[in-house]
1. Here is a list: Asp66, Asp109, Asp49. Which entry is of a type in the set (Asp, Glu) and in contact (Cβ under 8 Å) with a residue 40 or more places away in the chain?
2. Just wondering, is there one or more residues in region 112-125 that are crowded, with 19+ Cβ neighbours inside 10 Å and modelled with pLDDT of 95 or more?
3. State whether the residues of region 198-211 include one that is of a type in the set (S, T, N, Q), in a helix (DSSP H, G or I), modelled with pLDDT of 95 or more and more than 19 Å from the chain's Cα centre (by Cα).
4. Quick check: is even one residue across region 150-157 closer than 26 Å to Leu203 by Cα and of a type outside the set (Val, Ile, Thr)?
5. Taking region 68-91, which residues are outside any strand (DSSP E or B) and touching a Phe, Trp or Tyr at 6+ places or on another chain (Cβ under 6 Å)?
6. Is it the case that Leu205 is surrounded by fewer than 20 Cβ atoms within 10 Å (Cβ to Cβ), of a type outside the set (Ser, Thr, Tyr) and in contact with a strand residue (DSSP E or B) (Cβ under 9 Å, 6 or more places away or on another chain)?
7. Sort out which residues of region 134-159 are surrounded by fewer than 12 Cβ atoms within 10 Å (Cβ to Cβ) and in a loop (DSSP other than H, G, I, E, B), and write them in order of number.
8. Which of the numbered conditions does Leu100 fail, given that it passes all the others? Conditions: (1) assigned to a loop (DSSP other than H, G, I, E, B); (2) surrounded by fewer than 16 Cβ atoms within 10 Å (Cβ to Cβ); (3) modelled with pLDDT of 95 or more.
Amino acid sequence: MTTGIKVAIGITGAMLLAVGIELLWLHHERNLPVKQAETAEYGPVDQDDLVLLRHERPEKLADLKDLLGQTVWVAAGGQMDYYPYTAHHADYAKTARTLLGAEPLIVKDAFEQVAPKSATLRIPVGTRQVLLAFTMPKSADPAREYAVPVGFRQGPNDYTFYTDDLFYYDNPHTLYGYWGPQVWQAIDSHQAILGMSERQVGLSLGQVSKSESNEYGNRLVEYWNLNHPMAVTFVKNQVTAFRPDQGY
């Protein structure tokens with residue numbers, strides 16, 4: 001046998017050996033026990049974040065008229081002043097009061113009105129403001145009608161609405177029914193009690209507040225509370241202390 005033939009045979013044998021070793025390794029890997037995929041670790045889920053809130057996303061005034069006769073509940077407590085209403089007109093000169101969290105309102109009208117430039121309003125004035133007229137079934141005079149700004153129009157047809165942020169379209173007592181009767185009694189009477197979360201206190205005392213910390217659920221929050229300031233301490237998103245706060 002010549003030297004060239006011996007070399008060729010040697011190279012072929014080495015290649016076959018390498019292929020054989022790889023096949024044995026693949027066979028070994030395929031027969032290993034299947035590893036379970038590692039599960040990512042997440043923090044605890046806040047049940048409130050799982051509540052499905054309905055949004056109407058109105059684009060024109062006619063969309064708001066779909067709410068006529070329906071009940072909405074105030075989500076942005078302590079932020080919206082409302083006014084006496086008569087015949088598609090709000091009397092901006094006479095602030096009736098400020099809407100409180102979870103208050104039910106029965107919608108009676110949706111209309112536009114030029115707001116006075118001198119008025120201090122949380123909703124932009126635009127060319128014309130958009131308002132909802134409503135009654136308050138839990139008030140001393142449930143038939144009396146009021147109006148509150150909920151959006152504005154800039155130019156002929158450029159509308160901006162805030163209703164999805166200002167109101168619940170479904171009863172929050174049902175949406176957050178698991179909060180329990182004690183918490184809901186505190187919210188409906190607009191008080192803070194030990195153990196409440198920041199979301200619950202915001203609905204109860206209003207959303208006008210300030211804090212020196214951004215660590216939600218672990219901080220001191222000062223609530224304006226319709227000019228009755230309250231300082232509330234949260235630890236692990238539960239009220240641990242609260243007191244009147246004259247320094248707001």
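The values are calculated or read from the model by the stated rules, or taken from the named source; none is laboratory data. Please read all numbers here as calculations on a predicted model, not as lab measurements. Quick reminder, even Gly has a Cβ in these numbers, built from the backbone with ideal geometry, and neighbours come from all protein chains shown.
1. None of the other options fit; the residue is Asp109.
2. no
3. Checking region 198-211: not a single residue is of a type in the set (S, T, N, Q), in a helix (DSSP H, G or I), modelled with pLDDT of 95 or more and more than 19 Å from the chain's Cα centre (by Cα).
4. yes
5. Ala75, His88, Asp91
6. No; evaluated as a whole, the condition is false for this residue.
7. Matches in region 134-159: Lys138, Ala140, Asp141, Pro142, Ala143, Gly155, Pro156, Asn157.
8. Of (1) assigned to a loop (DSSP other than H, G, I, E, B); (2) surrounded by fewer than 16 Cβ atoms within 10 Å (Cβ to Cβ); (3) modelled with pLDDT of 95 or more, only one is false for Leu100: (2).
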